[in-house]
């Protein structure tokens, strides 16, 4: 399982719903469907609530930015959606190999791992980084998925 943990807030979502939607689709969607081995978790710092979208169970998530933002807005508001779980806190979500764009050393383990995207400052730090800090958050997620796929299926993760 690969998890993408997005530390954000309701205010950040209101300011940039399109960025959140792009992260969601980059984390869960592939060209021919939904990644069964991935989940996107949006931790809302101001509410101390995590909205988890499970790839293996999600329904009606489409690749266009507007519908993905609407899907995420409904999930944040607590409306019941297939494949969406709402929990309090973030402690158990940060378990496993915690990766980020930057860190003390570079690493990319085979899944399971958690990739951290901070759109809001919060006291979680990755164990290691991937050197992706110069990319927009949704591009980081896409690159991590591609690299993990290559590791799993026997090709070099980085060119």
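Values in this text are rule-based calculations from the coordinates and carry no lab data. Only a predicted model underlies this, so the values are computations on that prediction, with no experimental measurement involved. When we count neighbours, we look across all protein chains shown, and the Cβ atoms used for this are built from the backbone with ideal geometry, even at glycine.
Please compute the length gained on full extension between residue 73 and residue 30, using 0.36 nm multiplied by the number of residues separating them and subtracting their Cα-Cα distance.
Answer, rounded to one decimal: 13.3 nm.
From the P(r) of region 75-145, could you give the percentage of C-alpha pairs in the tail past 19 Å?
Considering region 75-145, 42 percent of its Cα-Cα pairs are separated by more than 19 Å.
Roughly how many nanometres apart are two label points built 7 Å out from the Cα toward the Cβ at residue 105 and residue 16?
3.1 nm
In degrees between 0 and 90, to the nearest 10, how far off the longest principal axis of the chain does helix 137-152 point, with axes built from Cα atoms?
50 degrees
I'd like the distance separating the alpha-carbon centroids of region 79-154 and region 5-28, in whole Å.
14 Å
Grab the beta carbon distance between residue 66 and residue 88, set R0 = 35 Å, and tell me the FRET efficiency rounded to 0.05.
So the FRET efficiency works out to roughly 0.75.
Pairing the Cα long axis of helix 65-76 with the longest principal axis of the chain, what angle in degrees results, from 0 to 90 and rounded to the nearest 10?
70 degrees
Order these by the 10 Å Cβ neighbour count, fewest first: 24, 77.
77, 24
With an 8 Å Cα cut-off and a minimum separation of 6 or more residues, compute the relative contact order for region 24-113 in percent.
Computed over region 24-113, the figure is 24 percent.
Say each of residue 57 and residue 151 gets a label point 7 Å from the Cα, pointing the same way as Cα to Cβ; how far apart are those two points in nm?
Once both label points are built, they end up 2.6 nm from each other.
Across region 31-151, what fraction of all alpha-carbon pairs, as a whole percent, falls in each successive 5 Å bin from zero upward?
2, 10, 19, 23, 22, 16, 6, 1, 0
Give the angle, between 0 and 90 degrees and rounded to the nearest 10, that separates the Cα long axis of helix 17-28 from the longest principal axis of the Cα atoms of the chain.
Once rounded, the angle reads 50 degrees.
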